[in-house]
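Peer 1: Just dropping this structure here.
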Amino acid sequence: PPGTQATQSNGRTGAVLLRQNCAAGTGKNLVLTDVTIITQGDGNNNDLIPFWALTGTNAGRVSNVYSTGTMTNSGPDYNAFGGLVGVNTGLISNAYSSLTLSSGMWGTSVGGLVGINSGTISSSYAAGAVTGSGRDVKVGGLVGQNTAGSVINSYAIGAVNSGGTPGS
């Protein structure tokens, strides 16, 4: 719903709508407007944690979905921070996000649409500004980190800023 807000403060989960879209799951024809997500937590995290507006991990299908608003990551470290999906191993099509994303945490993958992608993104785009800082941060207008995934007919038009430093 418009004006939806979620504040995560325990360092373990972060969601507005779905925690996980499983292999057989489908999320379609959804609108998330004026979303505000603020994460806060202990910076000493050793597990990857996805943060998202729609779903943390998509292993199914997401189509005809968009999100607007802001996401701010103030903890924990080492997470996948995406405007629509945290980690994508499935299919995203005809989707867009104009969320403004900002993360200052170490080891974070920040993407306007998807934090980490090893699935397929098709006919989708991101229009929000994406900012990442901290050690070993990966920042992208559409995808923060693409690990053998496919991106087809998709693009980003928002500003991308990285103040990160290389990992050791």
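Peer 1: Tell me, what ³J(HN,Hα) does each residue in segment 144-151 have, in order and in whole Hz, if you take phi through Karplus 6.51 cos²θ - 1.76 cosθ + 1.60 with θ = phi - 60° and put x for Gly and Pro?
Peer 2: Listing the rounded values in order: x, 9, 9, 10, 6, x, 10, 10 Hz.
Peer 1: At 0.36 nm per residue, minus the direct Cα-Cα distance, what do ASN64 and ASN94 gain on full extension? Give it in nm, one decimal, please.
Peer 2: Here the answer is 10.3 nm.
Peer 1: Moving on. Run the quick spin-label model on TYR155 and ASP136: label points 7 Å from Cα toward the beta carbon, then report their separation in nm to one decimal.
Peer 2: About 3.4 nm, to one decimal.
Peer 1: Say each of SER162 and SER74 gets a label point 7 Å from the Cα, pointing the same way as Cα to Cβ; how far apart are those two points in nm?
Peer 2: 2.6
Peer 1: Separate question: So who's got an amide H within less than 5 Å of the one on ILE92, skipping anything under 5 residues away but keeping other chains? H placed 1.01 Å off N, in plane.
Peer 2: VAL62, THR120, ILE121, SER122
Peer 1: So, one more: Quick one: net charge around GLN145, please, counting Lys, Arg +1 and Asp, Glu -1 for every other residue with C-beta under 13 Å from its C-beta.
Peer 2: The answer is 0.
Peer 1: For segment 95-168, report the % of Cα-Cα distances exceeding 17 Å.
Peer 2: Percent of Cα pairs beyond 17 Å in segment 95-168: 37.
Every number in this text was worked out from the coordinates using simple rules, so none of it is lab data. Every value quoted in this text rests on a predicted model; they were computed, and no experiment measured them. As a convention, Cβ positions derive from the backbone with ideal geometry for all residues, glycine included, and neighbour counts pool all protein chains shown.
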